[in-house]
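Every read-out reported here was derived from the displayed coordinates using simple, explicitly stated rules and does not represent laboratory data. Since this is a predicted model, take the numbers as computed values, not measurements. Backbone-built Cβ (ideal geometry, glycine too); neighbour counts: all protein chains shown.
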2 protein chains.
Amino acid sequence: MDFKNRLKKYQDLVNNELERYFLEGNVPEKVLNESMRYSLLAGGKRLRPILMIATYKLFDDNYMKCMPYAIALEMVHNFSLIHDDLPGIDNDDFRHGKQTNHKKYNEATAILAGDGLLNNAYLIISNDLKEEKNKDLLDLKLNIFGEFANAISRMIIGEYIDTELEGKQIDDFLLEYIHTNKTGALLKYPVRVGAILGGANEGELDSLTKYASNIGIAFQIKDDILNEEGDEKIVGKPVGNDREMQKCTYVSKYGIEGAKEKLYETIKDAKMCLKYFGERAEFLVEMADYIENRNK
Amino acid sequence: MDFKNRLKKYQDLVNNELERYFLEGNVPEKVLNESMRYSLLAGGKRLRPILMIATYKLFDDNYMKCMPYAIALEMVHNFSLIHDDLPGIDNDDFRHGKQTNHKKYNEATAILAGDGLLNNAYLIISNDLKEEKNKDLLDLKLNIFGEFANAISRMIIGEYIDTELEGKQIDDFLLEYIHTNKTGALLKYPVRVGAILGGANEGELDSLTKYASNIGIAFQIKDDILNEEGDEKIVGKPVGNDREMQKCTYVSKYGIEGAKEKLYETIKDAKMCLKYFGERAEFLVEMADYIENRNK
């Protein structure tokens with residue numbers, strides 16, 4: 001199966017799991033349930049859960065074992081998008097080519113739908129922990145829970161600094177710091193969970209963590225490039241607003257060509273970290289290429 | 001020591017623990033840290049953590065064992081206040097006699113400070129779970145973590161329904177349903193945690209849960225009464241706005257005298273549930289009276 005088909009298969013799998021969660025009555029209030037599902041199923045790429053599942057599959061085929069963590073992560077990612085889009089933060093009307101949550105519903109609903117997604121992620125984790133009877137696996141999962149909470153804290157801090165620094169000049173160090181937190185933390189986490197739950201040894205975990213760190217930076221560089229020269233209809237959200245709002249981005253910092261060069265180098269570094277795994281890591285290599293070449 | 005002094009002692013204890021958490025560098029971004037502390041230390045009554053500690057003390061003196069859960073709960077309570085006060089929801093300018101978070105800082109900060117408090121609560125719980133070496137106690141704590149996530153989900157749903165129903169007539173059942181979720185869930189939870197961690201037997205846990213359910217309803221009735229006839233300067237937030245916004249409250253439903261009667265009965269029921277504990281439960285009995293008679 002080629003990369004596109006495998007990606008699609010994974011996306012369908014994740015979408016079904018997300019849909020199932022809401023159909024099972026976990027959010028019993030009709031409109032709130034609907035608004036959470038609306039954003040969650042609006043057509044995201046599912047990169048984070050797919051990175052987790054694909055990393056897990058380097059070690060073991062039974063990837064359903066990491067599914068609760070994959071689903072919880074995708075919920076948190078969507079919570080962050082809903083809140084970032086709010087009038088009080090980025091004030092965006094479109095996302096994935098559809099109205100943002102507060103446009104489709106209203107601001108109160110969007111605030112509470114975001115809160116609800118964040119909290120439901122932890123509800124899923126608590127259910128999985130309660131059911132874990134294997135003490136060694138429980139210990140691993142408790143560490144994963146800690147990494148999750150830490151990654152989200154870092155994401156919130158990154159988002160905060162990014163918001164506060166609009167229109168200000170910042171140095172390389174701070175630009176990297178923002179994105180290591182804002183975007184990077186939640187992209188590194190799934191690869192680590194896949195590796196840890198799959199039973200990676202220390203060296204393997206270390207290589208995969210480095211792969212994920214590079215992927216995180218590359219993802220943000222590409223986001224900045226798409227905001228500068230992407231096609232709004234394909235990207236599905238407004239482009240050009242980084243420049244308008246004088247946001248400090250990889251493009252404003254290094255120029256469009258400089259940013260592309262940095263993207264290329266970062267993806268190359270990411271793929272280097274997978275050398276040890278050989279052909280088993282083919283999909284993760286292709287994910288890196290996909291992040292470099294995506295047009296949305 | 002009389003009730004007022006004991007309450008003050010508990011409040012100081014909780015405030016110190018909250019302050020310590022932020023001084024320890026758990027939120028490394030200066031202004032976000034400050035805004036979270038601002039709301040958290042703006043002068044709340046600390047009813048929830050104190051209910052937990054006082055319940056725990058029915059069974060065991062070493063109440064520091066439940067402190068992480070008490071602190072986490074107070075953070076979540078404050079997250080909910082910050083988000084409820086936002087222009088998109090209640091649009092309140094004052095809380096505890098001070099500017100609300102988005103007034104003192106800005107909307108983006110208030111959204112992210114709320115998100116951060118919710119998430120830090122889970123970070124605290126994950127740290128406590130990781131350190132728990134006693135398998136039986138860990139199992140209890142995993143259940144408590146689950147109850148926490150469920151209580152917060154219920155609070156968010158209650159808040160959502162409350163927001164959406166402004167200006168609409170609702171029946172007794174729905175009024176009770178809203179407040180059992182919106183206010184009740186986070187008031188029941190601490191009493192249950194205190195009892196469970198303290199080692200209550202099934203009957204004791206059951207009695208204390210009923211006490212807490214009554215306390216939760218009484219708290220909301222009193223809130224509605226204070227909004228109708230409280231002194232704005234003492235209450236510390238605007239009064240009269242429930243009537244203005246045509247909110248359905250215990251006062252709009254039963255009239256001011258009917259609401260007071262219902263408050264009296266509910267507090268009486270709450271205290272009845274403590275009979276079994278005799279003098280040991282003196283402080284919890286006084287807490288019930290305090291909730292009935294508070295003027296803020």
Helix-derived mean residue ellipticity, 222 nm - over the protein assembly as shown, DSSP H n ≥ 4, -39500 (n - 2.57), to 500:
-23500 deg cm²/dmol
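Based on the Cα coordinates of chain B, what is the per residue volume of their convex hull in Å³? Each step should come with its number before you reach the end.
On the way: hull volume 36.3 nm³, N = 296.
Output value, Cα hull per residue: 123 Å³.
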May I ask you to report, in nm to one decimal and beginning with the shortest, the distances from residue A:234 to the same position in the other copies, taking label points 7 Å along Cα-to-Cβ?
6.7
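Applying 1/(1 + (r/R0)^6) with R0 = 51 Å to the Cβ-Cβ distance of residue A:136 and residue A:234, what FRET efficiency is obtained, to the nearest 0.05? It would help to have the intermediate numbers written out before the result.
On the way: r = 46 Å, r/R0 = 0.91.
The formula returns an efficiency of 0.65 here.
To the nearest 0.05, how large is the calculated FRET efficiency for residue A:202 and residue A:150 if R₀ is 22 Å and r is the Cβ-Cβ distance?
Values: r = 20 Å, r/R0 = 0.89.
Result of the calculation: an efficiency of 0.65.
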So the label point sits 7 Å from Cα along the Cα-to-Cβ vector; using that for residue B:205, what distances do you get to the other copies, in nanometres, sorted shortest first?
3.3
Based only on other Cβ atoms within 10 Å, what is the fewest-to-most ordering of B:147, B:74?
B:147, B:74
What percentages make up the Cα-Cα pair-distance distribution of the stretch B:64-152 when the bins are 10 Å wide from 0?
16, 41, 24, 14, 4
Using only alpha-carbon positions, what ratio does the radius of gyration of the protein assembly as shown give when scaled by 2.2 N^0.38 Å?
0.99
Between the stretch A:67-121 and the stretch A:170-233, the Cα center-to-center distance that results, in Å
21 Å
Over the stretch A:3-293, what is the relative contact order in percent, taking alpha-carbon pairs closer than 8 angstrom and at least six residues apart?
19 percent
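For the residues A:112, A:174, A:23, what sequence is obtained by ranking on other C-beta atoms within 10 Å, fewest first? Display every interim value, and only then the final one.
Details: A:112 27, A:174 14, A:23 10.
Ascending Cβ contact count within 10 Å gives the list A:23, A:174, A:112.
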Give me the lysines in straight-line cross-link reach of residue B:268: C-alpha distance below 25 Å, same-chain residues under 8 apart excluded.
B:4, B:8, B:45, B:57, B:182, B:188, B:210, B:222, B:253, B:260, B:296
For the protein assembly as shown, build the charge dipole from Cβ charges (+1 Lys, Arg; -1 Asp, Glu) around the Cα centre, then report which of A:16, B:200, A:116 sits farthest towards its positive end.
B:200
Binned at 10 Å from zero, the C-alpha pair distances of the stretch B:139-295 give percents of 11, 36, 35, 15, 2
